[in-house]
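Take a look at the structure below.
The values are calculated or read from the model by the stated rules, or taken from the named source; none is laboratory data. Nothing here was measured: the structure is a model prediction, and the numbers come from that model. No Cβ is skipped: glycine too gets one built from the backbone with ideal geometry, and neighbour counts run over all protein chains shown.
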Amino acid sequence: MRAFRYARATDPGEAAALVAGVPDAVYLGGGTNLVDLMKLGVLRPGLVVDVSGLPYDTVAHRPDGGVLIGGAVRGRRLGLDEGIRSRFPALTRALLSGASAQIRTQATVAGNLLQRTRCPYFQDTGTPCNRRSPGSGCAAIPGVHRDLAVIGTSDACVASHPSDLAVALAAYDAVVEVRRPDGEQRLVPIHELHRLPGDTPWIETVLEPGDLITGVHLPPPAAPSATYRKVRDRWSYAFAVVSVAAVLRVEAGRVGDVRIALGGVAPRPWRLWATERALVGTDPGDDDVRAATRLAFADARPLPGNAFKLDLAADLVAAVLRELR
Ligand SMILES: Cc1cc2nc3c(=O)[nH]c(=O)nc-3n(C[C@H](O)[C@H](O)[C@H](O)COP(=O)(O)OP(=O)(O)OC[C@H]3O[C@@H](n4cnc5c(N)ncnc54)[C@H](O)[C@@H]3O)c2cc1C
């Protein structure tokens, strides 16, 4: 058992003051990821500041159709929100496809976005991992990497991001609201929150020390037709092998607007910008959608054990757009 200090913040200013100048301080949401990693010895914070009781626990629907979801909102609560279910169905589906009811009851929105990779080598302190232990190497590249990323990777790291919620948020063009330690607010598009590994895989997000996620803005949905589909090794309680969130508007039989994001393929939710551009204005069949999806993988660097994800992703996008049309 390794000792650490625990403090519960009652307001955001207090949270910032508690972590200020303490390099090994971390925020605690529901603890479902952080505490697991502390037990495994992967993370060894000296101070844990509980921010789950801060007043960011509401889901506020706006007259324009947008929503502000508080960072401390629990997954279960968000999954039951009728306004989200009716107007952002991909988000509800993504959320309910993740983890278990027990974990969702405890986990927060902010913690979900910042959960760490499930790469087995990251979680195993007995193996090299540049993300956990800079400069030690990447055991996943020559090792077991079936569930890891095929695009956005580097020679230093091939970890994938595990969040389902983040994939749906990417398809809905969500913006993350961040409170800096000095109280200033910063807005970070979800596509920019997570950094690609490059030579510094241990720097996972654009957040700076003391930054607190206070909420997520959802703009009014681009189209009512949307879904989330997740391929996994068993029907529940499993992370995505590949998942897709898609929002589609069809106009006179052609794609008027489409937003597609994938999970399980990259170190962050992977938006298929090239695919979307190729599909708008067309009346695509399955093969056209598959070809358009492959465009977005032009820079993919699959490994022998996970190259199958390229075909799986193309098939999944085709199936989901067929369902939505
Ligand atoms: C068995 C199991 C199966 C799972 N399956 C899935 C799945 O299928 N899909 C899926 O998406 N997830 C899955 N998860 C992961 C789960 O969703 C996450 O553990 C959870 O969302 C993390 O939220 P939390 O509030 O508990 O975060 P915590 O564990 O409290 O924190 C996670 C990280 O976020 C930081 N943090 C927390 N709040 C803030 C804040 N407000 N501002 C800044 N930093 C903050 C913490 O410092 C920490 O680094 C699974 C987990 C388990 C244990």
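Cβ-Cβ under 6 Å, sequence separation 6+ or interchain: first residue in segment 204-217 and free of Cβ contacts under 8 Å to residues at least 60 places away in the same chain, partner near the ligand (Cβ under 9 Å from one of its atoms). Which pairs?
Pairs that qualify, where the first residue is free of Cβ contacts under 8 Å to residues at least 60 places away in the same chain and the partner is near the ligand (Cβ under 9 Å from one of its atoms), are 211/178.
For residue 151, indicate whether it is over 18 Å from residue 71 (Cβ atoms) and surrounded by fewer than 18 Cβ atoms within 10 Å (Cβ to Cβ).
no
Return yes or no: is residue 209 more than 19 Å from residue 89 (Cβ to Cβ), at pLDDT 95 or above and within 13 Å of the ligand (Cβ to nearest atom)?
Yes.
Check segment 132-139 and report whether any residue there is buried (at least 22 other Cβ atoms within 10 Å of the Cβ), outside the structural domain of residue 247 (by TED's automatic domain parsing) and more than 30 Å from residue 224 (Cα to Cα).
Within segment 132-139, one or more residues are buried (at least 22 other Cβ atoms within 10 Å of the Cβ), outside the structural domain of residue 247 (by TED's automatic domain parsing) and more than 30 Å from residue 224 (Cα to Cα).
Looking at 311, 299, can you tell me which residue is part of a loop (DSSP other than H, G, I, E, B) and among the charged types (D, E, K, R)?
Checking each option against the conditions leaves just 299.
Being part of a helix (DSSP H, G or I) and touching a strand residue (DSSP E or B) at 6+ places or on another chain (Cβ under 7 Å) is the requirement here; does residue 291 meet it?
no
Could you say whether any residue in segment 44-65 is over 21 Å from residue 239 (Cα atoms), surrounded by fewer than 21 Cβ atoms within 10 Å (Cβ to Cβ), within 18 Å of the chain's Cα centre (by Cα) and of a type outside the set (S, T, N, Q)?
No.
Can you find a residue in segment 141-150 that is under 30 Å from residue 246 (Cα atoms), within 15 Å of the ligand (Cβ to nearest atom) and not aliphatic (A, V, I, L, M)?
Yes, segment 141-150 has at least one match.
Answer yes if at least one residue in segment 110-120 is among the polar types (S, T, N, Q), assigned to a helix (DSSP H, G or I) and touching a residue at least 24 places away in the same chain (Cβ under 8 Å), and no otherwise.
Yes, segment 110-120 contains a residue that is among the polar types (S, T, N, Q), assigned to a helix (DSSP H, G or I) and touching a residue at least 24 places away in the same chain (Cβ under 8 Å).
Within the group 62, 44, which residue is out of contact with any strand residue (DSSP E or B) (no Cβ under 6 Å at 6 or more places or on another chain) and within 29 Å of residue 219 (Cα to Cα)?
Only one candidate qualifies: 62.
Take the residues in segment 180-194 that are in a loop (DSSP other than H, G, I, E, B) and within 13 Å of the ligand (Cβ to nearest atom), then tell me which one is surrounded by the most Cβ atoms within 10 Å (Cβ to Cβ).
181
Among the listed residues 289, 244, identify the single one that is within 16 Å of the chain's Cα centre (by Cα), modelled with pLDDT of 95 or more and crowded, with 24+ Cβ neighbours inside 10 Å.
244
Which is crowded, with 18+ Cβ neighbours inside 10 Å and at positive phi, of 264, 281?
264
Which is in contact with a strand residue (DSSP E or B) (Cβ under 7 Å, 6 or more places away or on another chain), in contact (Cβ under 8 Å) with a residue 24 or more places away in the chain and not in a strand (DSSP E or B), of 267, 220, 197?
Step by step, each of 267, 220, 197 is checked, and only 267 is in contact with a strand residue (DSSP E or B) (Cβ under 7 Å, 6 or more places away or on another chain), in contact (Cβ under 8 Å) with a residue 24 or more places away in the chain and not in a strand (DSSP E or B).
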